[in-house]
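Have a look at the structure below before the remarks.
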Amino acid sequence: MADLDTFAPGEGQGEAMSEEGFEKFKEQMRAAAAAMQQATKDEARQKKKEDRLLQILLQYFKDPKKKDILLLASRVLEQNTLPHFVLSVLVLGDEEFQKDVIGAEGDQTKQPPHIELEIPYDNEIVKRDIKHWAIGMIAQGRTNAERMKKTIYDDHGKIKLLVIQFAVFVMRDYLTRHHTVPSYNELKEFSENLLAKVMEKIIKAVPAES
């Protein structure tokens, strides 16, 4: 059975992210954060959000244990995946950002997306955060559902392993902070099922002619 401590992000597809690569990644994420706030005219609030995102990214870059997450995120972006969606995966557990991610479709009269999930953890905070995490992915994926269909699935119609790995490492980092460390297989199975349900909800938002 694979172990999270030895599991290599992207299965050894290269070295850790360079500072130059991180700068490019940081700009992509800042642009995604700005795009999510286009309807907000409060520039001070927007600047606060971008600064908070920058703090998160810098924390990941400085911590050797977190660099694998950034590396996976950058590789998912290289697949032409929506930066908004990548950000929605990255911010699991950051309550302030998750609220923005969920409500980022612009029309505040809309109800947030709904998803039924069996979350195998007793901690109510963990359950809440993971549910908000999934809802945020749906909200962001729906901003360009057609592009999501083209970039999240592999040639066999399955969720790409790289995307699953990204979600697995984000979940591992989050659950470790909550004193829960499931096996890699458990995380992979849960993440794969969650992403499949997320994509089902996203695709349902695409008009039939698309």
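The values are calculated or read from the model by the stated rules, or taken from the named source; none is laboratory data. It should be emphasised that the depicted structure is a prediction, and the values quoted were computed from it without experimental measurement. When we count neighbours, we look across all protein chains shown, and the Cβ atoms used for this are built from the backbone with ideal geometry, even at glycine. Keep in mind that these areas ignore ligands, DNA and RNA; they rest on the heavy atoms of the full protein, side chains included. Shrake-Rupley method; radii C 1.70, N 1.55, O 1.52, S 1.80 Å.
Answer with yes or no whether Glu209 is farther than 21 Å from Glu95 by Cα, among the acidic types (Asp, Glu) and at pLDDT below 90.
On the way: farther than 21 Å from Glu95 by Cα: yes; among the acidic types (Asp, Glu): yes; at pLDDT below 90: yes.
So Glu209 fits the description; yes.
In contact with a Phe, Trp or Tyr (Cβ under 8 Å, 6 or more places away or on another chain) and either closer than 18 Å to Val86 by Cβ or modelled with pLDDT under 90 (or both), is that true of Lys160? Don't jump to the end; show me each part of the working.
Numbers: in contact with a Phe, Trp or Tyr (Cβ under 8 Å, 6 or more places away or on another chain): yes; either closer than 18 Å to Val86 by Cβ or modelled with pLDDT under 90 (or both): yes.
Here the answer is yes, as Lys160 does meet what is asked.
Looking at region 57-72, which of its residues are modelled with pLDDT of 75 or more and either open to solvent by less than 40 Å² (accessible area, probe 1.4 Å) or touching a strand residue (DSSP E or B) at 6+ places or on another chain (Cβ under 9 Å) (or both)?
Lys66, Asp68, Ile69, Leu70, Leu71, Leu72
Would you mind finding the one in Lys204, Lys150 that is open to solvent by 70 Å² or more (accessible area, probe 1.4 Å) and either touching a His at 6+ places or on another chain (Cβ under 8 Å) or under 26 Å from Lys99 (Cβ atoms) (or both)? Break it down stepwise before answering.
On the way: Lys150 fails: either touching a His at 6+ places or on another chain (Cβ under 8 Å) or under 26 Å from Lys99 (Cβ atoms) (or both).
Going through Lys204, Lys150 in turn, the sole match is Lys204.
Would you check which residues across region 73-104 are part of a helix (DSSP H, G or I), under 24 Å from Glu146 (Cβ atoms) and open to solvent by less than 10 Å² (accessible area, probe 1.4 Å) and list them?
Just the residues of region 73-104 that are part of a helix (DSSP H, G or I), to begin with: 73-78, 83-90, 95-102.
This time we only want the ones that are under 24 Å from Glu146 (Cβ atoms), so: 73-78, 83-90, 100-102.
Of everything in region 73-104, those that are part of a helix (DSSP H, G or I), under 24 Å from Glu146 (Cβ atoms) and open to solvent by less than 10 Å² (accessible area, probe 1.4 Å) turn out to be Ala73, Val76, Phe85, Val86, Leu87, Ser88, Val89, Leu90, Val101.
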